[in-house]
Amino acid sequence: MVKGSFETMGTVMKVPPSFIVHTPTLRNYVTLILKHPVLRWTLNSMIVAVSVTAGSVLVSCLAGYAFAKKEFRGKQGLFWALLVTMMVPFYTILIPRFIWVKQLGLYNTYAGMILPLIFSAGSIFLARQYMTTISSELIDAAKIDGASEVQVFLYIIVPISKPLIAVLSIFGFMGNWSAFLWPLIITSSSSMRTLPIGIVTAAALPGQLIDIGVSMAGATLVALPMFIVFICFQKYFIKGITIGSIKG
């Protein structure tokens, strides 16, 4: 992908392919950046990814805390209903979700791209599993000292749950940064497109052809933040596989 981003379309399609760039060129990046609103698309992707991640982490931690440490009527039934939603394929709710968002007047808006994605059953389940490992005696001690529910959550649960928050943030950001299908169907104008969608339109040529060089340059730009996130936080990716799996 990176090699192809520095080659012309004819060189990229050469058979057999070469693993060395003999005549590197910046044409693909120049074409992509100067002829298309790449900065706007990048800003849109950043707004959507950061907003969905922040909202999802907040909702997941609050719900996970409630399921793990609170007792209320219908708790088990509600939790099992939550697990059932994890088995429903995304594509089966795509059209109802689109109709619902459009009827609310959120079509082609940031809110339409962000709000439906904040709730994540998988993240709530992960948060609940992690928070069951937190000592209930610690929470009781804080309440005896006069801490309110908000204070317990902010000063006890959140600091202890930093590994959980890190894992949810990393996976949430990466998933929403590269999201394609939902932003595609919920937006109609070029100014509201996210980077992955914009790259596809930028690489399109007349006659249903694709400029492979431009497409590779765009894919490199999309992947670059994810590579940086992975390199900086790779220990949390490993922890994310086992987090909440061991109680005690």
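Before moving on, here are some points about what is shown:
- Full extension of the chain between Ile160 and Gln234 gives 24.6 nm of extra length, using 0.36 nm per residue less the Cα-Cα distance.
- By the beta-carbon count within 10 Å of each Cβ, the least crowded to most crowded order of Phe67, Phe153, Phe19, Phe227, fewest first, is Phe19, Phe227, Phe153, Phe67.
- Per-residue HN-Hα couplings for the range 167-174 [Karplus 6.51, -1.76, 1.60; θ = phi - 60°; Hz; x = Gly/Pro]: 5, 4, 5, 5, 5, x, 5, 5
- Modelled FRET efficiency - R0 25 Å, Leu184 with Val50, Cβ distances, 0.05 increments: 0.80
- Part-to-part distance (alpha-carbon centres) for the range 99-162 and the range 213-230, which is given in Å: 31
- Exceeding the 23 Å Cα-Cα cut-off - candidates Lys35/Lys102; Lys70/Lys162; Lys143/Lys235; Lys70/Lys235: Lys35/Lys102; Lys143/Lys235; Lys70/Lys235
- Annotation: aspartates and glutamates with alpha-carbon distance below 14 angstrom to Lys69 (same-chain offsets under eight excluded): Glu137, Asp140, Glu149.
Rule-based calculations on the coordinates, nothing more; no lab input. A quick note: this is a predicted structure, and the numbers were derived from the prediction, not measured. We place every Cβ from the backbone using ideal geometry, glycine too, and count neighbours over all the protein chains shown.
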